[in-house]
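Chemist: The structure under discussion is supplied below as structure tokens; questions concerning it will follow.
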């Protein structure tokens with residue numbers, strides 16, 4: 001089985017869960033809407049003369065906090081869906097509200113690391129940019145399961161990050177596959193978005209209708225990708241921590257993908 | 001349910017294996033009587049908030065290893081006439097050891113001294 005085959009099959013399995021429980025897409029959709037609202041509210045602060053690093057960091061932390069909050073809710077409900085239970089928006093939001101301290105500490109750590117990496121990435125020196133890429137990729141893989149850990153094992157932010165690193169040692173192949181998969185999926189959907197964008201602009205020109213259609217499309221497709229990824233991430237967590245592959249990620253078609261280290 | 005089970009994610013042991021060990025330990029110590037029914041897969045999965053496939057795998061392996069028998073329509077029961085093996089007793093011994101080491105540590109005694117003492121003790 002090629003990597004591309006594996007990505008297609010895993011995406012199909014996530015899609016199956018999402019089709020059965022479409023409510024799951026509401027979490028990332030709400031998250032995007034809230035993040036857009038924060039950026040719009042923060043826009044006047046930026047002003048024409050640019051923005052200071054502390055302000056940029058504060059806005060970054062706030063948008064990231066919103067994203068983590070909804071991802072916690074989504075992950076809780078995705079884990080429920082994989083157990084055969086019925087997920088709901090209220091239950092997911094309730095769970096996230098109950099984990100606010102853990103969410104805040106995780107957000108603070110990941111935002112700080114992300115911010116430092118972004119600063120590193122702005123350097124004109126090639127070596128620093130390579131270092132940023134290597135450290136960034138390693139960080140993103142090692143922290144991949146932090147949110148499912150926080151949800152299922154009820155750990156705080158920093159212990160969740162630590163435990164995610166331990167689980168990564170057992171599932172590095174599947175985690176890397178997921179990271180690659182999500183990039184391939186995003187790239188493909190970006191192409192679709194560009195095509196649709198060109199069609200919309202051709203049909204309606206630079207009008208309000210065009211802007212609304214494009215905004216809805218961007219939010220909708222981004223929410224879809226986030227929901228699919230969160231479902232796969234939840235399945236990967238179950239595999240890493242519990243030692244089994246949840247339905248519908250198992251079966252002869254997918255067994256080759258899952259390997260315990 | 002006679003099987004005492006608390007998932008310890010810090011042990012680094014997959015959850016299905018922890019369920020397996022809890023059942024064998026309960027059988028070895030007699031906590032789980034031979035005629036006592038085990039919880040259903042969905043009951044146990046619901047109580048532990050884990051995936052039903054995890055409990056199903058533990059039960060499947062317990063069944064394959066001859067510890068339990070799943071009877072369609074009746075439920076899951078311990079297999080009759082199976083003496084506890086040395087392997088069955090290992091999780092129980094591990095718990096006893098961990099408790100002894102923790103208690104010793106409270107008194108400033110190192111784990112290595114506990115082990116040395118256990119070796120010296122004549123049963």
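Chemist: Can you find a residue in segment B:53-60 that is in contact with a strand residue (DSSP E or B) (Cβ under 7 Å, 6 or more places away or on another chain) and at pLDDT 85 or above?
Modeler: Narrowing segment B:53-60 to residues in contact with a strand residue (DSSP E or B) (Cβ under 7 Å, 6 or more places away or on another chain): B:59.
Checking the rest, the ones that are also at pLDDT 85 or above come to B:59.
Among the residues of segment B:53-60, at least one is in contact with a strand residue (DSSP E or B) (Cβ under 7 Å, 6 or more places away or on another chain) and at pLDDT 85 or above, which makes the answer yes.
Chemist: When only residues in segment A:144-194 that are within 14 Å of chain B (Cβ to nearest Cβ) and outside any helix (DSSP H, G or I) count, which is surrounded by the fewest Cβ atoms within 10 Å (Cβ to Cβ)?
Modeler: For segment A:144-194, the residue satisfying everything is A:154.
Chemist: Something else about it: Among B:100, B:87, B:105, which is touching a helix residue (DSSP H, G or I) at 6+ places or on another chain (Cβ under 6 Å) and in a helix (DSSP H, G or I)?
Modeler: The match here is B:100.
Chemist: Does residue A:110 count as under 19 Å from residue B:49 (Cβ atoms) and modelled with pLDDT under 95?
Modeler: Against the criterion (under 19 Å from residue B:49 (Cβ atoms) and modelled with pLDDT under 95), residue A:110 does not qualify.
Chemist: What is the residue count in segment B:23-53 for residues that are under 30 Å from residue A:86 (Cβ atoms), surrounded by fewer than 22 Cβ atoms within 10 Å (Cβ to Cβ), away from every other protein chain (no Cβ under 14 Å) and touching a helix residue (DSSP H, G or I) at 6+ places or on another chain (Cβ under 8 Å)?
Modeler: 1
Chemist: Only one of (1) within 14 Å of chain A (Cβ to nearest Cβ); (2) surrounded by fewer than 16 Cβ atoms within 10 Å (Cβ to Cβ) is not met by residue B:72, so which one is it?
Modeler: The failed condition is (1).
Chemist: Among (1) buried (at least 23 other Cβ atoms within 10 Å of the Cβ); (2) under 19 Å from the mean Cα position of the chain (by Cα), where does residue A:242 come up short?
Modeler: Of the numbered conditions (1) buried (at least 23 other Cβ atoms within 10 Å of the Cβ); (2) under 19 Å from the mean Cα position of the chain (by Cα), the odd one out for residue A:242 is (2).
The values are calculated or read from the model by the stated rules, or taken from the named source; none is laboratory data. Everything numeric in this text was worked out from a predicted model, so none of it was measured. When we count neighbours, we look across all protein chains shown, and the Cβ atoms used for this are built from the backbone with ideal geometry, even at glycine.
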